[in-house]
1. Cα gyration tensor of the stretch A:62-220, axes a ≥ b ≥ c as square roots of the eigenvalues: rounded (a/c below 1.5), prolate (a/b > b/c) or oblate?
2. Considering only B:112, B:98, A:256, whose Cα is most displaced toward the positive end of the charge dipole of the protein assembly as shown, charges sitting on Cβ of Lys, Arg (+1) and Asp, Glu (-1)?
3. Hey, in the GNM for chain A with a 10 angstrom Cα cutoff, which one of A:183, A:87, A:175 fluctuates hardest?
4. Among DSSP beta bridges lying fully in the protein assembly as shown, give the percent that are antiparallel, nearest 5.
5. Give me the net charge of residue B:59's neighbourhood, meaning all other residues with Cβ under 14 Å from the Cβ of residue B:59; Lys, Arg count +1, Asp, Glu -1.
6. Return P(r) of the stretch B:92-157 (all Cα-Cα pairs; 10 Å bins starting at 0; whole %; ordered from short to long distances).
7. Calculate for chain A the 222 nm mean residue ellipticity that helices alone would give, adding -39,500 (n - 2.57) per DSSP H run of length 4 or more and normalising by residue count, nearest 500 deg cm²/dmol.
8. Over the Cα atoms of the stretch B:9-54, what radius of gyration and what Dmax do you get, in Å?
Amino acid sequence: MTQFDSMGAIATADDSKDAVIVAQDVEKWYSNKFHVLQGVSLTVHRGEVVVVMGPSGSGKSTFIRTFNALEPYQKGSIEIDGIKLTPNMKNVEAVRREVGMVFQQFNLFPHLTVLQNVMLAPVEVRGWKKEQAKQVAGELLERVGILNQANKFPGQLSGGQQQRVAIARALAMQPKVMLFDEPTSALDPEMVSEVLDVMRTLAQSGMTMVCVTHEVGFARQVADRIVFMADGLIVEEGTPQEFFGNPKHDRTKQFLAQILH
Amino acid sequence: MDYTMQFSVVWNNVGLFIQGVFLTLQLALTSIAFGLVLGVLGALGRTSGNKILNAIAVAYVEFIRNTPFLIQLFFFFFGLPGIGLRLTPWQASVLALAINFGAYSTEIIRAGIEGIGKGQIEAGMALGLSKLKVFRHVVLMPALGNIYPSLVSQIVIAILFTSVVSQISAEELTFVGNFLQSRTFRSFEIYLTIAFLYLGIVWFVKFLAFLIQQKFFSFMQYIR
């Protein structure tokens with residue numbers, strides 16, 4: 001662990017302007033004393049795509065959920081785009097405005113149409129005029145290929161379509177970074193690629209992204225860096241070539257052997 | 001059985017009956033509207049996680065749901081003047097009915113709110129919505145959609161409850177019946193007519209409820 005801590009510290013000092021996420025020694029215990037994050041550090045730079053992999057229960061989802069304060073943590077520090085994440089609620093909302101999140105279960109609002117889902121936060125949080133929000137929402141829905149379903153309710157869409165709407169909804173806030181928490185795990189297999197395609201395009205457009213996913217093909221192609229977590233720690237990180245081609249730790253090798261069959 | 005039906009008492013007083021129907025509708029809809037606001041606030045208190053707000057809401061629900069409505073009504077009309085607060089029969093009735101309906105709907109709406117998935121609330125928070133805006137824009141409508149049928153049943157009960165306020169001489173449909181009965185002694189014809197008029201009122205309100213469901217809760221049919 002120490003090597004990564006020191007690397008993180010150096011990176012912060014050198015190009016702190018360029019860092020969107022600086023997480024240092026983040027530790028979290030669940031109320032039942034389970035030590036789910038045991039000192040995790042990660043710096044994500046502007047335009048970087050980081051894929052977080054690891055066995056279930058390794059704390060990877062919990063870790064990225066600390067970046068927008070959906071999970072509280074007890075030790076360490078997190079800075080998002082220069083804003084320190086403190087328990088103060090004002091600060092939390094400021095951070096959440098800059099961090100988009102896409103969930104495994106889509107979590108679209110069922111009582112709002114697709115268009116209203118995308119418009120809600122810009123209007124209610126950013127204070128945009130409805131017309132402006134509608135125009136931006138339309139453009140985003142076109143980008144994810146759902147514009148022709150704009151007036152339907154989420155329940156009328158397939159899982160893949162719903163997840164693409166969820167991506168558009170998060171993008172409507174014009175976030176500095178996008179978090180993806182296993183975005184394709186709840187999808188039928190034939191719908192996985194339509195969501196990954198949208199994510200790939202998004203990465204190419206220069207969006208800063210942190211993705212928890214088991215999609216090896218996506219990780220190989222799109223990730224600038226792969227972070228491997230196990231038992232609440234970052235065990236290993238590197239480029240996709242290093243990670244898949246030449247894993248160093250036994251724990252990583254064991255994991256890769258399991259997922260690559 | 002040598003009672004001769006004389007529905008002329010009804011025909012001769014059609015205007016009064018119609019007036020009674022409208023007064024009852026007005027009384028019911030006004031008190032239900034205020035009561036719904038109380039119910040949403042009560043449910044918000046019950047689910048807020050704030051111990052004091054929760055305690056206030058629990059005390060409110062317990063007190064109202066476990067005491068007779070007639071006593072609540074008498075308290076507002078005959079009791080409050082004791083501390084210098086004199087209400088008209090109409091005001092006391094609206095107040096008592098709204099507070100009563102609010103307590104029952106608090107528990108119904110609370111159940112609806114508790115049925116909303118954690119993921120929905122997290123999605124709202126992740127977009128930067130404040131706690132109150134998450135409630136208003138993310139939780140409220142699906143919660144009401146979840147419990148809409150129970151809420152409509154409670155609304156029907158509330159409509160029928162309005163007849164009790166004739167006891168403090170608030171003018172509504174039952175009051176009209178009592179008034180005519182005391183003059184003509186045609187109880188059978190009058191109360192049978194009144195019963196059918198309540199049935200009509202309830203059907204009308206159920207139809208309104210159906211229209212509201214079509215307009216605001218049509219999304220429910222797509223929720224799996």
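1. oblate
2. The residue sitting most towards the positive pole is B:98.
3. Checking each option, the largest mean-square fluctuation is seen for A:87.
4. Numbers: 20 of 37 bridges.
The answer is about 55 percent antiparallel.
5. Numbers: positive: B:46, B:51, B:65; negative: B:62, B:107.
Every neighbour counted, the sum reads +1.
6. It works out to 20, 42, 26, 11, 1, in whole percents.
7. Working: 9 runs with 97 residues, N = 261.
That comes out to -11000 deg cm²/dmol.
8. When restricted to the Cα atoms of the stretch B:9-54, Rg and Dmax are 18.9, 58 Å.
The values are calculated or read from the model by the stated rules, or taken from the named source; none is laboratory data. In this text the structure is predicted, and so the values were computed from the model without any measurement. Cβ atoms come from the backbone with ideal geometry, glycine included; neighbour counts cover every protein chain shown. Quick note on the areas: whole protein, heavy atoms, side chains included, nothing else; ligands and nucleic acids left out. Shrake-Rupley method; radii C 1.70, N 1.55, O 1.52, S 1.80 Å.
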